[in-house]
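Enquirer: Here you go, one structure.
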Amino acid sequence: MTQLNTPYPSTAYLTGFLRSRGVDAVQEDLALALALTLLSRHGLSALRECIEALPAPRRSPLVEAFGERFDDYLETIAPTLAFLQGRDATLAHRIAGRGFLPEGPRFASLDVYVDADGGDPLAWAFGALGVQDRARHLATLYLDDIADVLRDAVDPRFEFVRYAESLAQSQPSFDPLADALAAPPNLIDRTLRELTLDALARHAPTLVLVSVPFPGAVYAAFRIAQTIKAHDPAIVTALGGGFVNTELRELAEPRVFDHFDHVTLDAGERPLLALLEHLAGKRSKSRLVRTFGRIDGRVRYVDFPEPDVPFAEVGTPTWDGLPLERYLSLLDMLNPMHRLWSDGRWNKLTVAHGCYWKKCSFCDVSLDYISRYETTTAAKLADRIEAIVAETGQTGFHFVDEAAPPKALKALAAELQRRRLAISWWGNIRFEKSFTAPLCRQLADSGCIAISGGLEVASDRLLALMSKGVSVDQVARVTRAFSDAGILVHAYLMYGFPTQTVQETVDALETVRQLFAAGCIQSGFFHRFACTVHSPVGRNPEQYGVTLRPLPPGAFARNDVGFVDPAGVDHDALGIGLKKALYNYMHGVGLEEDVRSWFDAFGAPVPRTRVARHRIERALAAG
Ligand code: SF4
């Protein structure tokens, strides 16, 4: 259960890698298949049957309203999906006219848009010409309404992109997940079961690898494994992916292995080669690599020391087997950068493995996906890009590095220009000073359309405490250079870092306001700081002035850890103001207002900002 607009890259990487080693590997995206089945005429009819089976008092007003307009939903679902899949663009006019789709409670969000002239409120958000965009946003709200009905009528844990997340996220006990897996299957479980059995019939696998990037993918992954084991216990199942790499490092729960025979950590290539050799009888169990298993009822971790497959040799990802024309281009947030995430099908590729900086104190710098920094040549990357364009026919790339290195980007841009490869690309970087104005122009010329990077707390004291290695002035100059080159800039922002004061939060918002006003950034998002056990703050809390709350005992997932900050600030209340302000800034609204005006939810007056009114302009002039 991940994004619906584009395949999650892990299966494409591993399929490409395994095939490059002669393994007969195929891939399936059951998350997409599940969503498309639930959102079909057949799926909606099955949903109505569930609703009719509910006793009347258990039907929420939302469910009742859906039932009343069921025929409208049934009539519109297939054309709307075809539109979102890019197969019927002209339907945009009817959808945008707002007489076509049944409108449920999600459409109330449209009321937040300013409608000063009594005209079309969406014109403010999309401009006069954005018929396709408006229609996509309205169609997304329509699907959200259906997801809400599924939640009310079938499973309160349901969401398309994260399903039953609380069963897995930093969940020390396996009990809630075990109970959920033992419960009678609901419509969603039954649908997933049928899709899993279909996939087994198509491929007749001997080994199934399930990748779980996020906690919201875990429940469905276990349901898939449960179906496989019930169908044929001889099929070997293995679990891996981002969730496992961060949350299951100390796995000691034997019941996980009722469903999965093996659980592997970190980059999958080497552990999978070892596992395949083991299954072929050419390697003993004691020589598996970074792999958990159950022996005599107890969980054992085996890590025979073998070097990882170098990044230069992992092969080219392949999307072969995935239904690329069936992904849905959604438009759920009116944030220019989130739009890139949810809209359009991007080929995902990494410029390097890991992060070249690996110092930020809130980041999982002790884990392989950050700490093992490896590069390859620009020529090899360009070869991969050419092969992917030839295979998919699509020229958009999302470089999914945590922080793509400037040197490698410069070399890649030169190589793309030399080969005259016309692609578009975007990705994450650090706002470091080697991104000069000429380099930003070169990146734009090579196809860069957007970049994102961490400005985090927008405070020089806290940036130093978090070892970010950038200053506010530097971020202003670098972001402006990108913007001047015509590249969209998105800033990751953070609040609630250890020892952060109310004053610093107000000052951060003033800095962000000035960055928007000066045309340095066009998009941003405020995240609440979360302490993970793998980050420097989680490992050495005393250096950051906080104490950790003890983790509850348990044998399953561990990641986030609570902490006590003597500063005692109510960051949740401040966060409401930060998010509201940012939303408005992204639409060019409220940029002249005193930042204190956004914090009315705080419950007490906040101090005046200490940031000079022209601080960012001065930083730009000094650069
Ligand atoms: S936050 Fe980003 S730049 Fe910092 S160490 Fe992590 S990946 Fe690298």
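The values are calculated or read from the model by the stated rules, or taken from the named source; none is laboratory data. Note that this is a predicted model, so its numbers are computed, not measured. Here the Cβ positions follow ideal geometry from the backbone for every residue, glycine too, while neighbour counts run over all protein chains shown.
Enquirer: Would you pick out the residues in the range 433-471 that are within 16 Å of the ligand (Cβ to nearest atom) and either outside any loop (DSSP other than H, G, I, E, B) or of a type in the set (Phe, Trp, Tyr) (or both)?
Expert: Phe435, Ile451, Ser452, Gly453, Gly454, Leu455, Glu456, Leu462, Leu463, Ala464, Leu465
Enquirer: Name every residue in the range 423-478 that is farther than 20 Å from Leu509 by Cβ, crowded, with 20+ Cβ neighbours inside 10 Å and charged (D, E, K, R), in order of residue number.
Expert: Arg430, Arg477
Enquirer: Criterion first (farther than 30 Å from Gln169 by Cβ and at pLDDT 95 or above) does Thr547 satisfy it? Full working, then the answer.
Expert: Details: farther than 30 Å from Gln169 by Cβ: no; at pLDDT 95 or above: yes.
Here the answer is no, as Thr547 does not meet what is asked.
Enquirer: What helices (runs of 4 or more DSSP H), lying completely within the range 501-597, carry at least 2 residues that are in contact with a Cys (Cβ under 7 Å, 6 or more places away or on another chain) and not aromatic (Phe, Trp, Tyr)? If you could, list the steps in order and put the result at the bottom.
Expert: Details: elements: 502-517, 536-539, 571-586.
By residue number, 536-539.
Enquirer: OK, next. Would you pick out the residues in the range 592-620 that are modelled with pLDDT of 95 or more and under 29 Å from the mean Cα position of the chain (by Cα)?
Expert: Trp598, Phe599
Enquirer: Restricting to the range 335-366, name every residue that is more than 8 Å from the ligand (Cβ to nearest atom), surrounded by fewer than 19 Cβ atoms within 10 Å (Cβ to Cβ) and in a loop (DSSP other than H, G, I, E, B).
Expert: Gly344, Ser366
Enquirer: List the residue pairs whose Cβ atoms are under 9 Å apart, where the first residue sits in the range 593-613 and is under 11 Å from Leu578 (Cα atoms), the second is polar (S, T, N, Q) and at pLDDT below 95, and the two are 6 or more positions apart or on different chains.
Expert: Listed by first residue and then by second, the contacts come to Trp598/Asn584.
Enquirer: I'm checking my understanding of the structure. Among residues of the range 269-284 that are part of a loop (DSSP other than H, G, I, E, B) and charged (D, E, K, R), which one is farthest from Leu177 (Cα to Cα)?
Expert: Within the range 269-284, the first condition is being part of a loop (DSSP other than H, G, I, E, B), and the residues that meet it are 280-284.
Now narrow it down to the ones that are charged (D, E, K, R): 282-283.
On the way: Lys282: 35, Arg283: 33 Å.
Looking at residues that are part of a loop (DSSP other than H, G, I, E, B) and charged (D, E, K, R), I get Lys282.
Enquirer: Of the residues that make up the range 131-138, is at least one touching an Asp or Glu at 6+ places or on another chain (Cβ under 9 Å), farther than 14 Å from Val63 by Cα and at pLDDT below 80?
Expert: Scanning the range 131-138, I find no residue that is touching an Asp or Glu at 6+ places or on another chain (Cβ under 9 Å), farther than 14 Å from Val63 by Cα and at pLDDT below 80, so the answer is no.
Enquirer: Answer yes or no: is there a residue in the range 367-390 that is in a loop (DSSP other than H, G, I, E, B) and surrounded by 23 or more Cβ atoms within 10 Å (Cβ to Cβ).
Expert: Filtering the range 367-390 for residues in a loop (DSSP other than H, G, I, E, B) gives 367, 372-373, 375-377.
The next check asks that each one be surrounded by 23 or more Cβ atoms within 10 Å (Cβ to Cβ); those that pass are none.
Checked against the condition, which is being in a loop (DSSP other than H, G, I, E, B) and surrounded by 23 or more Cβ atoms within 10 Å (Cβ to Cβ), the range 367-390 yields no hits at all.
Enquirer: I need a count of the residues in the range 479-490 that are crowded, with 22+ Cβ neighbours inside 10 Å, within 25 Å of the chain's Cα centre (by Cα) and in contact (Cβ under 8 Å) with a residue 40 or more places away in the chain. Walk me through how you get there before you give the answer.
Expert: To start, the set of residues in the range 479-490 that are crowded, with 22+ Cβ neighbours inside 10 Å comprises 479-482, 489-490.
Okay, now just the ones that are also within 25 Å of the chain's Cα centre (by Cα), so 479, 482, 489-490.
In the following step, the residues that additionally are in contact (Cβ under 8 Å) with a residue 40 or more places away in the chain were identified as 479, 482, 490.
The qualifying residues number 3.
Enquirer: Please verify whether Asp401 is within 26 Å of Trp319 (Cβ to Cβ), assigned to a helix (DSSP H, G or I) and of a type in the set (D, E, K, R), treating the condition exactly as stated.
Expert: Working: within 26 Å of Trp319 (Cβ to Cβ): yes; assigned to a helix (DSSP H, G or I): no; of a type in the set (D, E, K, R): yes.
Criteria not met by Asp401.
Enquirer: For the range 149-268, please list each of the strands (runs of 3 or more DSSP E) lying entirely inside it that holds at least 3 residues being touching a residue at least 12 places away in the same chain (Cβ under 8 Å) and touching a Phe, Trp or Tyr at 6+ places or on another chain (Cβ under 7 Å).
Expert: Details: elements: 207-211, 236-240, 262-264.
It comes to 236-240.
Enquirer: Where the second residue is among the acidic types (Asp, Glu) and surrounded by 12 or more Cβ atoms within 10 Å (Cβ to Cβ) and the first is in contact (Cβ under 8 Å) with a residue 40 or more places away in the chain and lies in the range 539-551, which pairs have Cβ atoms under 8 Å and are six or more apart or on separate chains?
Expert: Within 8 Å, the pairs are Gly545/Asp565; Val546/Asp565.
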